[in-house]
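Written out below as structure tokens is the structure these notes cover.
Only the coordinates and a few stated rules stand behind these numbers; no lab work does. This one's a predicted model, so the numbers in the text were calculated from it and none came from an experiment. Here the Cβ positions follow ideal geometry from the backbone for every residue, glycine too, while neighbour counts run over all protein chains shown.
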Amino acid sequence: MQKRALNIAITALTGSTLAGFLVAGVAMAGDETPERGKLTAQHTQAALDLSRTQEQTAAQHKAEAQKKAAHKAAAQKKAAKAKKAAQPKALLAGKTTASYFWDDGSGVNGDTGAPASGKPMQKGMFASPSWPMNTKVKVSYNGRTVVGFVGDRGPGEPSSRGVMLDLDTYTFRYLLDGGKPDSKYNTGSSEGHLNGVKWEVLSWGAGSGKGMPKAM
């Protein structure tokens, strides 16, 4: 009898204790649910704030990059304009047929003697039948351009036939195809003339003969 009564008492006590734990657990669960919701809302808001900040930063970087690109483009345009303005303007321009020569007094390949200007034969020295010595001339052909000067009389081909400009072998070959001559006296090409060479007088040398090229 005593043992049964003891078991009943223990069972009652255990049930009571478990019930108390359950109630406490429910109470604790009820207390934590609002707090968890609050933390979740805070985390969500923080994520939204971070995303918004990242978007704003990216937009700022993009705006700065566009601004730099615009400044660079403007600077390049300004530099190109200044370069163009700095280039000398042509005083006179036209087109002619050009031949080539290299006269250094050696007598090689029809060399007629040292240049009439007294300056040594060199790249960028041209011969004209009528323009003053040291006239600065720009010649263009096939999209290539060379600036040189009148340093001799010529061409060897009669200017009365319309060949009004002699170019040194280096200039001639470069205008022809961008190449280099085989030697000073040989352009390395079968072409002997360039038809339609554009010439521009940038400055006149001292002496008579200004104007359109005239036959000798």
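Using alpha carbons only, how many angstrom separate the centre of segment 126-148 from the centre of segment 35-94? Segment 126-148 and segment 35-94 have Cα centres spaced 46 Å from each other. Placing +1 on the Cβ of every Lys and Arg and -1 on the Cβ of every Asp and Glu, with nothing else charged, gives segment 92-203 a dipole about its Cα centre of roughly 360 debye.
Identify the trypsin sites (Lys or Arg not before Pro) of segment 64-110 meeting these criteria: DSSP loop state and at most 15 other C-beta atoms within 10 Å of the C-beta. Before the final figure, lay out each step's value.
Working: sites: K67, K68, K72, K77, K78, K81, K83, K84, K89, K95; in loops: K89.
Those satisfying the criteria are K89.
Residues whose amide H comes within less than 5 Å of that of G94, counting only those at least five positions distant or on another chain, are W199 (H built at 1.01 Å from N in the peptide plane). What shape does segment 141-216 have by the C-alpha gyration tensor, where a ≥ b ≥ c are the square roots of the eigenvalues, rounded means a/c under 1.5, and otherwise prolate means a/b greater than b/c and oblate the rest? It comes out prolate by the Cα gyration axes. Residues within the reach of a label modelled at S183 (point 7 angstrom out along Cα to beta-carbon, backbone nitrogen below 16 Å), restricted to segment 104-140, are 104-112. Ordered by the number of other Cβ atoms lying within 10 Å of each residue's own Cβ, fewest first, W131, W199, W204 fall into the sequence W204, W199, W131.
Shape of segment 92-203 from its Cα gyration tensor (a ≥ b ≥ c, root eigenvalues): rounded if a/c is under 1.5, otherwise prolate when a/b > b/c, or oblate?
Details: a/c = 1.40, a/b = 1.07, b/c = 1.31.
Taking the square roots of the gyration eigenvalues as a ≥ b ≥ c, segment 92-203 is rounded.
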